[in-house]
Amino acid sequence: MRGLQFWAMMVIFAASTLAGCTTEQPVNMDAILKQPKIFVGSDTCKQCHLEHYDSWKMTLHSRMLQDAQANKDAIIVPIDEKRIREDLAKLEAKLKVPSAEIYVPKEDEILYTIGSQWKQRYLVKKEGVLYISPIQYNAESDRWVNYHEADWDKRPWLEKCGGCHATGADLEKQTFKEAGTSCEACHGKGSWHAALPKTAVFEKRDTIVNPAKLTMGVAVQICGSCHNRGTSTQHKGAGWPVNYAPGKALEAYYQSTSFEAGDASHLYGNEFSAAHHQQYIDWKQSKHFVEGVTCTSCHYVHQMGIAPTRSQTFVAGSKQCLQCHEMVNNNMGHSIHSFANCVGCHMPRIVKSAESGDLHSHVFKTLLPSETLKDPKIPNSCQTCHKHKGEDLQKLQSEWEKLARLPKPVGQPIESILYHPEQ
């Protein structure tokens with residue numbers, strides 16, 4: 001009995017000693033929660049979430065906007081004015097400003113880079129305001145092209161694009177908290193969460209947004225806040241959803257563009273996207289949307305290790321589709337595409353990021369030659385394939401129609417048999 005009392009006293013002593021030695025100071029939680037929420041930046045987040053931070057650093061989101069003054073390697077190509085003007089001269093007939101007069105920034109004038117995988121644009125400052133310079137480098141084709149060469153300095157970057165390229169954009173102060181689409185772009189302002197002690201487990205959970213714990217219909221709108229194109233409903237002239245926060249209803253802050261509303265430069269006549277960062281617009285038209293399949297059903301946001309694909313899908317190509325869509329038979333249209341190239345037909349390359357057709361449609365619908373026959377501006381799945389690129393549309397459509405019809409039954413129908421109950 002004395003032994004038990006001794007060990008009980010030792011446990012109490014040890015607990016009191018450890019409590020007295022803790023480095024965590026008492027925190028007035030009420031005082032913290034009365035302060036306005038602010039952005040704190042990913043360097044604060046990584047203090048506790050290092051693995052998530054490291055995996056996010058491997059994504060395109062982290063490189064959406066890079067500080068070219070702090071990291072010259074963010075610029076992926078030499079800024080050679082002679083070479084740039086030679087490339088622009090090849091586009092002379094399409095330019096609104098003569099190629100010799102287009103502003104080409106010096107390397108030391110470039111403050112930030114935008115993108116790196118398909119293309120790269122360059123932020124410069126004019127009279128204290130950030131603008132995208134009127135040149136763009138297309139990485140896969142290794143060529144320079146024009147970008148708003150006639151009005152580039154009439155389009156303030158922070159107002160037009162900044163809320164998606166950077167985190168914590170503030171149009172009133174003309175500032176942003178952090179370059180790139182960082183933690184708080186999807187999880188919300190983190191000042192309360194970071195200030196609360198680790199021991200306040202439940203309070204910390206309540207002060208940050210975890211998209212994985214939102215209803216899927218709300219969570220996917222976080223993706224839609226940037227993978228979209230349209231206008232802000234809260235700030236006239238802004239091209240991103242000003243004041244939107246993760247977990248809120250996107251439609252209250254943003255109105256998506258459409259062909260019907262007059263946007264023929266970014267969408268086809270059938271409302272399929274022709275331009276980049278519009279995946280949400282496409283998805284809203286798809287059967288995936290109807291059935292509740294969302295962005296994160298196919299794409300991961302942050303995951304340890306090197307991404308299996310450059311689009312951050314869980315597996316490569318059509319294998320991603322086959323995770324859900326089991327191939328049951330190879331009849332009709334599938335009879336000639338039995339190699340299971342789902343993506344080739346159902347996600348045709350009809351979207352332009354840098355060069356035409358470098359991105360997939362996200363309506364997940366095969367576009368038949370008949371679509372192009374009705375409207376020559378609308379591409380079709382068949383001709384995005386190299387094999388059929390130059391083939392006659394009428395012939396392609398005719399061949400499709402033959403394949404798409406199930407063969408008529410042959411032979412003699414089986415006659416019904418009368419039922420004779422046992423006597």
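The values are calculated or read from the model by the stated rules, or taken from the named source; none is laboratory data. These numbers come from a predicted model, not from an experiment. Note: ideal-geometry Cβ built from the backbone for every residue, glycine included; neighbour counts use all protein chains shown. Surface accessibility is based on the protein's heavy atoms, side chains included, excluding ligands, DNA and RNA. Shrake-Rupley method; radii C 1.70, N 1.55, O 1.52, S 1.80 Å.
General observations
- Cα pair distances of segment 195-327 binned at 5 Å [whole percent]: 2, 9, 14, 17, 19, 15, 12, 7, 3, 1, 1, 0
- Unit charges at the beta carbon, dipole of segment 158-303: most positive-side option, Ala194, Thr294, Tyr244: Ala194
- For segment 400-415, backbone phi angles converted through the Karplus equation (6.51, -1.76, 1.60; θ = phi - 60°) give residue-by-residue couplings of 4, 4, 5, 6, 6, 8, 6, x, 5, x, 10, x, 9, x, 7, 6 Hz, Gly and Pro being listed as x.
- Here the chain exposes an accessible surface that is 57 percent carbon and sulfur, computed with a 1.4 Å probe and the other protein chains kept in place.
- Volume per residue that the Cα convex hull of segment 131-254 spans, once the total is divided by residue count, Å³: 139 Å³
- Among [x] 98, 96, 37; [y] 72, 46, 39; [z] 66, 60, 41, the entry derived from the coordinates for Cα extents along the principal axes in Å: [x]
- Cross-linked pairs Lys173/Lys213; Lys177/Lys198; Lys46/Lys236; Lys90/Lys160: Cα-Cα separations exceed 26 Å for Lys173/Lys213; Lys46/Lys236; Lys90/Lys160.
- Straightening the chain between Glu355 and Gln35 buys 110.5 nm, computed as 0.36 nm per residue apart minus the Cα-Cα spacing.
- The 1.4 Å probe gives accessible areas that order Ile414, Ile135, largest first, as Ile414, Ile135.
- Applying the criteria of a DSSP loop state and at most 10 other Cβ atoms within 10 Å to the chymotrypsin sites (Phe, Trp or Tyr not before Pro) of segment 350-423 yields Tyr419.
- Taking the square roots of five times each eigenvalue of the Cα gyration tensor of segment 274-423, the equivalent ellipsoid has semi-axes of 36, 24, 14 Å, listed largest first.
- Per-residue SASA remark: Thr313, around 20 Å² accessible (1.4 Å probe; ligands, DNA and RNA not included).
- Spin-label pair Gln394/Lys236, simplified geometry with 7 Å Cα→Cβ offset, distance in nm: 5.3 nm
- Over the C-alpha trace of segment 179-227, radius of gyration and Dmax come out as 12.2, 37 angstrom.
- For segment 309-331, the residues whose backbone nitrogen is under 19 Å from a point 7 Å from the Cα of Met58, taken along Cα to Cβ, are 309-317, 320.
- Based on protein heavy atoms only, segment 228-307 ends up with 52 Å² per residue of surface accessible to a 1.4 Å probe.
- The relative contact order of the chain, computed from alpha carbon pairs under 8 Å that lie at least 6 residues apart in sequence, is 11 percent.
- Rolling a 1.4 Å probe over the protein chains gives Phe289 an accessible area of about 80 Å².
- Gyration tensor over alpha-carbon atoms, segment 43-200, equivalent ellipsoid semi-axes in Å: 35, 17, 12
- Protection proxy ranking, peptides 292-301, 43-52, average beta carbon neighbours within 10 Å, highest first: 292-301, 43-52
- Every Cα-Cα pair of segment 350-423 was included, and the share exceeding 18 Å stands at 57 percent.
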